[in-house]
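The values are calculated or read from the model by the stated rules, or taken from the named source; none is laboratory data. Just so we're clear, the structure is a prediction, and the values are computed from it rather than from any experiment. Neighbour counts are summed over all protein chains in view; Cβ atoms, including those assigned to glycine, are modelled from backbone coordinates with ideal geometry. Each accessible area value is taken on the protein alone, full model and side chains, heavy atoms only, with ligands, DNA and RNA left out. Shrake-Rupley method; radii C 1.70, N 1.55, O 1.52, S 1.80 Å.
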Amino acid sequence: MVANEQHIPYSQQICQEMEASAKARGTGIAKRTPAYISQKMREGKAVIALHADGRWAGFCYIETWSHGKYVANSGLIVIPELRKSGLARRIKQKIFALSRSKFPEAKIFGLTTALAVMRINSGLGYTPVTYSELTDDEAFWKGCRSCVNFEILQSKHRSNCLCTAMLYDPAKEEKFIPLPVLAQQPEPVHHAHP
């Protein structure tokens, strides 16, 4: 579901799992704070998955760059016991649909080291690109400073790093993928009249 203020209490747990997951994989990640995650929830720019008992199960959020010309679906995380269950794909589909509805003209991009995320992105119509096709917004690149691989990025003059860059361009891909439905609406019931 699209996250909102009622989900703010999960922010600390989400940040802790993001950091723990990156350490376990030995990969870099831009660190997020609970305040930052909470703000995304308040703005309606996040998707959260919950267990039936109310525990959080997964999360992803939207960032915008270059005055809304670029959108990133960032911070995708699923709790360890639900990984490889298809939940990450469902979250990415939902955040992609939310991004397209909020920013229909924006290019959507992501940087990842995770093969599973690359496969999900490919299924949504993203293609691998060079870093030069991403936003040149300095605020975006500052987010990489907290990544363990930041020195590699700097040494390559931001031309590449260990992450794979992927981009969905609505101008090129509109015919490739239909927009997912944000919310299922029940079919109207038609009653026959005598």
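Looking at (1) of a type in the set (Ser, Thr, Tyr); (2) within 20 Å of residue 87 (Cα to Cα); (3) at pLDDT below 90, which is the one condition that is false for residue 10?
Just one mismatch for residue 10, condition (3).
Check residue 50 against each of (1) modelled with pLDDT of 95 or more; (2) open to solvent by less than 30 Å² (accessible area, probe 1.4 Å) and name the one condition it does not meet.
So the condition that residue 50 fails would be (2).
Has region 29-39 got at least one residue that is closer than 30 Å to residue 132 by Cβ, in contact (Cβ under 8 Å) with a residue 24 or more places away in the chain and either out of contact with any helix residue (DSSP H, G or I) (no Cβ under 9 Å at 6 or more places or on another chain) or surrounded by fewer than 15 Cβ atoms within 10 Å (Cβ to Cβ) (or both)?
yes
Considering (1) in contact (Cβ under 8 Å) with a residue 60 or more places away in the chain; (2) open to solvent by less than 30 Å² (accessible area, probe 1.4 Å); (3) closer than 24 Å to residue 45 by Cβ; (4) out of contact with any strand residue (DSSP E or B) (no Cβ under 8 Å at 6 or more places or on another chain), say which one residue 104 fails and leave the rest.
Result: residue 104 passes all but (2).
Quick check, is residue 116 small (Gly, Ala, Ser), modelled with pLDDT of 85 or more and either in contact with a Leu (Cβ under 8 Å, 6 or more places away or on another chain) or surrounded by 20 or more Cβ atoms within 10 Å (Cβ to Cβ) (or both)?
In short, no.
Here is a list: 86, 123, 110. Which entry is on the phi > 0 side of the Ramachandran plot and open to solvent by less than 60 Å² (accessible area, probe 1.4 Å)?
86
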